[in-house]
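Q: I have a structure here, written as structure tokens, and I will follow up with some questions on it.
The values are calculated or read from the model by the stated rules, or taken from the named source; none is laboratory data. Not measured: the values here are computed from a predicted model. Methodologically, a virtual Cβ is constructed for each residue, glycine included, from the backbone with ideal geometry; neighbour enumeration extends over all protein chains shown. The area values use the complete protein model at the heavy-atom level, side chains included, leaving out ligands, DNA and RNA. Shrake-Rupley method; radii C 1.70, N 1.55, O 1.52, S 1.80 Å.
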Amino acid sequence: MGEIREPILQVRHLRKQFGRHEVLKDIDFETYPSDVVCIIGASGSGKSTLLRCINLLETPTEGEVLFHGRNVLEEGKPSAYRAKVGMVFQSFNLFHNMTVLKNCMVGMEKVLKKDRESARETALKFLRKVGMAQYINAKPNQLSGGQQQRVAIARALAMEPEILLFDEPTSALDPQMVGEVLAVMRDLAAEGLTMIIVTHEMAFARDVSTRVVFMDRGIIAEEGTPQEVIGNPKNERTREFLSRFLDR
């Protein structure tokens, strides 16, 4: 008998409406420990809104977000939940008035209530991990986009989350900086960190993900292994979408 795995995160019948526009329509999926789920799809298909609903930055119109079986929408503790389900944004979202080190310490001090020395040690550990330890005294505006994104990843990792959400983490970067961020993410995947990644990097999704979800017009149109969804898609919309990336 195989070991029964319990999902960390479950999304159940999730809907999100902005005025009359329904962005998410009855979304269901589960994420298990060490999953790397890549969500792909055209702009406007609901990918980023789904991540924002999972992270409670948006309140779903209907449905449930379950973390270890508990409905986090009913618990009313978003900060504690976000410490466990972290998020890396496409626009970095660093505090420009703080040094790199302070950016990575502030969440641990304010949310996790760590003392300064402990927060500093943890921040340095994760800045070393992403290759940014030599920049601890720099301000974000002194760094390249790729460096800022690596600091943002270190900041998220410093909270020691169970799941890390990435919302198109390379889309704001110059092409030569994309590789350095994807390399960090490949290492995290190899270490078994559970990740849900909205991305247009198809080679990364094909090579690194355990599961690919294709979203189209607010629904999950197809999901499966990278070999199934990217290598041999069944859905016509999936094939049409992928042809833009894979036939170039």
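Q: Which condition number does G192 fail, the rest of (1) open to solvent by 10 Å² or more (accessible area, probe 1.4 Å); (2) farther than 22 Å from L14 by Cβ; (3) assigned to a loop (DSSP other than H, G, I, E, B); (4) touching a strand residue (DSSP E or B) at 6+ places or on another chain (Cβ under 8 Å) being met?
A: (4)
Q: Among the residues of region 98-138, count how many are within 23 Å of P175 (Cα to Cα) and charged (D, E, K, R).
A: Qualifying residue count, region 98-138: 1.
Q: How many residues does region 14-49 hold that are open to solvent by 30 Å² or more (accessible area, probe 1.4 Å) and either in a strand (DSSP E or B) or farther than 12 Å from R217 by Cβ (or both)?
A: 15
Q: Tell me, yes or no, whether region 88-102 has at least one residue that is touching a residue at least 12 places away in the same chain (Cβ under 8 Å), touching a Gly at 6+ places or on another chain (Cβ under 9 Å) and either open to solvent by less than 40 Å² (accessible area, probe 1.4 Å) or under 24 Å from S209 (Cβ atoms) (or both).
A: Checked region 88-102: at least one residue is touching a residue at least 12 places away in the same chain (Cβ under 8 Å), touching a Gly at 6+ places or on another chain (Cβ under 9 Å) and either open to solvent by less than 40 Å² (accessible area, probe 1.4 Å) or under 24 Å from S209 (Cβ atoms) (or both).
Q: If you don't mind, there's one more thing I want to ask. Given the criteria more than 25 Å from P7 (Cβ to Cβ) and either in contact (Cβ under 8 Å) with a residue 12 or more places away in the chain or hydroxyl-bearing (S, T, Y) (or both), does V111 qualify?
A: In short, no.
Q: Also, quick follow-up: Mind listing whichever residues of region 51-65 are closer than 28 Å to Q149 by Cα and in a strand (DSSP E or B)?
A: V65, the sole residue that qualifies.
Q: Show me the helices (runs of 4 or more DSSP H) found entirely inside region 80-174 where at least 3 residues are touching a helix residue (DSSP H, G or I) at 6+ places or on another chain (Cβ under 8 Å) and polar (S, T, N, Q).
A: The helices (runs of 4 or more DSSP H) meeting that bar are 145-158.
Q: Right, E201: acidic (D, E) and either touching a residue at least 60 places away in the same chain (Cβ under 8 Å) or within 21 Å of C104 (Cα to Cα) (or both) or not?
A: It is false that E201 is acidic (D, E) and either touching a residue at least 60 places away in the same chain (Cβ under 8 Å) or within 21 Å of C104 (Cα to Cα) (or both).
Q: Separate question: Evaluate region 198-207: report whether one residue or more is basic (K, R) and either modelled with pLDDT of 95 or more or open to solvent by less than 20 Å² (accessible area, probe 1.4 Å) (or both).
A: No, because not a single residue in region 198-207 is basic (K, R) and either modelled with pLDDT of 95 or more or open to solvent by less than 20 Å² (accessible area, probe 1.4 Å) (or both).
Q: Then there's this: All but one of (1) touching a helix residue (DSSP H, G or I) at 6+ places or on another chain (Cβ under 6 Å); (2) farther than 30 Å from Q17 by Cβ; (3) not basic (K, R) hold for D216; which doesn't?
A: (2)
Q: Condition first: within 28 Å of L143 (Cα to Cα) and open to solvent by less than 40 Å² (accessible area, probe 1.4 Å). Can you find one or more residues in region 62-84 that meet it?
A: Yes, because at least one residue in region 62-84 is within 28 Å of L143 (Cα to Cα) and open to solvent by less than 40 Å² (accessible area, probe 1.4 Å).
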